[in-house]
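Report on one structure; see the data block that follows.
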Amino acid sequence: MRVTRLFLSAALLSTAVPMAPAFAVPALQAHRAVYDLTLNKASDRSGITGISGRMVYEFNGSPCEGYTVKFRFVTQIVTSDNTRLTDQQTTTFEDAEGKTFSFVTKSFVDQNLDKEVKGMATREPKGLKVDIDKPEKNTLELAATQFPTQHLVELIGKAESGENFYQTNLFDGSEDANKVMTTTVVVGKKTDADKSDPEAPALAKLATEKYWPVDIAYFDETDKSGEEVPEYRISFKLHENGITRDLVMDYGDFSMTGKLVNLSLFDQTKPCPASK
């Protein structure tokens, strides 16, 4: 399941990518967030009768040293025939200039390793080069794009400027690390916190902060079927420091929710040293 692109790394866009308005890099909060996952709805065609699980997302770094993300997504999926436990573990690093992005994802099914994908993507003048080490060595040439924290920084910048709708693209190394996704982003009006919000206890001192409601649809640009149907969509509440919560992940035949149950804020790194 491609959920990792909700979060990850940032910096500047090179001239290889159509230039968006320049945004100041926001003060992204280093943190560890834990979400409880539950089934929201499922069609008869999906065969799913229940989903439960937990997602843990840890974000560290700065605009001068780059960004590291550790992500784990564990679900127990119940169907009429069986129960399956899936466990996705991902670690990524994006350099400070947004030029390179390394990734490794291990996927387990019922505690047995099902697949490991490992590689590095490098933005080049004419596009994106992806060197894959696992499951077998391969080199891919993909369209020019941006990486996850760039995507997040762009989103926060556009939300701050009052832009409600835009389209952009993204590479995050998920699945087989062989696609650039087109994303359509809808940003709602900045909203006051609700004292009765069930996530407020986990937010602690952030519980009174405003947030933007966001909806992102993900399209596979290699799909030539002509159908303008997203592979999936994600909606969530976004804080200006990059923390996301109240997730709804919709895969068409089924959807699940992710509610924030624990949030640890890490000490922010020191400002980048001034260049001489």
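The values are calculated or read from the model by the stated rules, or taken from the named source; none is laboratory data. Everything quoted here is computed from the prediction, not taken from an experiment. We place every Cβ from the backbone using ideal geometry, glycine too, and count neighbours over all the protein chains shown.
Structural remarks
- Set side by side, the residues 79, 92, 83, 75 differ, and just one is of a type in the set (Ser, Thr, Tyr) and within 24 Å of residue 129 (Cβ to Cβ), which is 92.
- Meets criteria (β-branched (Val, Ile, Thr), at pLDDT 95 or above, part of a strand (DSSP E or B) and in contact with a Leu (Cβ under 7 Å, 6 or more places away or on another chain)) for residue 75: yes
- Top-ranked residue in the range 229-253 [being of a type in the set (Gly, Ala, Ser) and either outside any strand (DSSP E or B) or over 13 Å from the mean Cα position of the chain (by Cα) (or both); ranked as nearest to residue 50 (Cα to Cα)]: 252
- The number of residues in the range 77-91 being touching a residue at least 24 places away in the same chain (Cβ under 8 Å) and exposed (fewer than 15 other Cβ atoms within 10 Å of the Cβ) comes to 5.
- For residue 65, the conditions (1) surrounded by 15 or more Cβ atoms within 10 Å (Cβ to Cβ); (2) within 27 Å of residue 122 (Cα to Cα); (3) touching a residue at least 40 places away in the same chain (Cβ under 8 Å) all hold with the exception of (1).
- Residue that is modelled with the lowest pLDDT [pool: residues in the range 213-235 that are hydrophobic (A, V, I, L, M, F, W, C) and in contact with an Asp or Glu (Cβ under 8 Å, 6 or more places away or on another chain)]: 219
- Flag for residue 70 being farther than 27 Å from residue 159 by Cα, part of a strand (DSSP E or B) and of a type outside the set (Asp, Glu): no
- From the list 145, 86, 149, the one residue that fits, being at pLDDT 95 or above and not aromatic (Phe, Trp, Tyr), is 86.
- Boolean, residue 217 is touching a helix residue (DSSP H, G or I) at 6+ places or on another chain (Cβ under 6 Å) and without any contact (Cβ under 8 Å) to a residue 40 or more places away in the chain: no
- The residue of the range 1-54 that is surrounded by the fewest Cβ atoms within 10 Å (Cβ to Cβ), among those that are among the β-branched types (Val, Ile, Thr) and modelled with pLDDT under 70, is 15.
- Spans of strands (runs of 3 or more DSSP E) in the range 86-186 with at least 2 residues over 23 Å from residue 219 (Cα atoms) and in contact with a Leu (Cβ under 9 Å, 6 or more places away or on another chain): 100-109
- A count restricted to the range 43-62 and to residues that are touching a residue at least 60 places away in the same chain (Cβ under 8 Å), assigned to a strand (DSSP E or B) and of a type in the set (Ser, Thr, Tyr) stands at 1.
- Residues (surrounded by fewer than 17 Cβ atoms within 10 Å (Cβ to Cβ) and touching a strand residue (DSSP E or B) at 6+ places or on another chain (Cβ under 6 Å)) located in the range 128-137: 129, 131, 133, 134
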